[in-house]
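The values are calculated or read from the model by the stated rules, or taken from the named source; none is laboratory data. Bear in mind that the values here come from a model prediction, so they are computed numbers and not experimental data. Cβ sites come from the backbone with ideal geometry, for glycine too, and all protein chains shown count toward neighbours.
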Amino acid sequence: MNASTLSLVTTDKQYRTRRAARQLALQCLFQEEFQEATHDSLDEFWREHDTTPEVKVFAGQVVAGVTAHKTELDTVINAYAVEWSLSRMPVVDRNILRCALFEFFWLPDVPAKVTINEALELAKRFADEESKRFLNGMLDRIIQQEPLLEAKRVEITARTSSQSPQPQSSQSMNPGSCEE
C-alpha cells in the first residue's frame, strides 16, 4: 500500500467514524430533550449504543459542545429562523442545527461544506424532505450572513473556486458529496 492509498483509507475511516458519531450525538441530544440528562443517563446511552472509542470521542465532543453552548446556539438559530421559533421546530431539526452550528463555531478543522452535507444526511435519515430543505436554507443563511463565520465563508469560496473554474452564483449552497 503506497502513501496516497493509506491516506485515502485513513480519510475514509475518519469520514465513516464521524458520520456514525454525528448520528449518535443527534440521538443522544434528541433523548435529552425528553429527559433530564445526568451522568448516569449518558453512561446508559453508551451502554445501549456500543461503538468504537473514536466514534464515542467525537460524539461526546459534539454532545458536550452543544450542551455547553446551547444558549449561544439557540440565539443564532432564533436570529436566522425567519417566521420560526425554536419551540415550533421539530426536535430533530433543532438538534441537527445545533450540532452543525457547534461544528461551524467550535470545530475549525471540519470544513463547512462537510458540516452542511452531514447535517443534510442526518435530515435524510431522521427527518423528511421538508426538514432537509429547511435545514439547508437555514445553514446557507447562517454561513452567508453570520459575521463570526467569515473564515468558513472564505473556506467555502476557496474550496469551490479551486475545484471549479466557473464563477460562483449567489444561489443557495449545494454541498454535494463532501468528505472529511
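Observations on the structure shown:
- Scanning segment 94-129 for residues that are surrounded by fewer than 24 Cβ atoms within 10 Å (Cβ to Cβ), of a type in the set (D, E) and at pLDDT 95 or above yields a single hit, E121.
- Every residue from segment 70-86 that is closer than 17 Å to Q145 by Cα and not in a loop (DSSP other than H, G, I, E, B): E72, L73, D74, T75, V76, I77, N78, A79, Y80
- Only one of the numbered conditions (1) assigned to a helix (DSSP H, G or I); (2) modelled with pLDDT under 65 is not met by L42, and that is (2).
Results for (1) touching a Cys at 6+ places or on another chain (Cβ under 9 Å); (2) in a helix (DSSP H, G or I); (3) at pLDDT 85 or above, shown as yes or no for each residue.
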site	(1), (2), (3)
S4	no, yes, no
T17	no, yes, yes
Q27	no, yes, yes
A37	yes, no, no
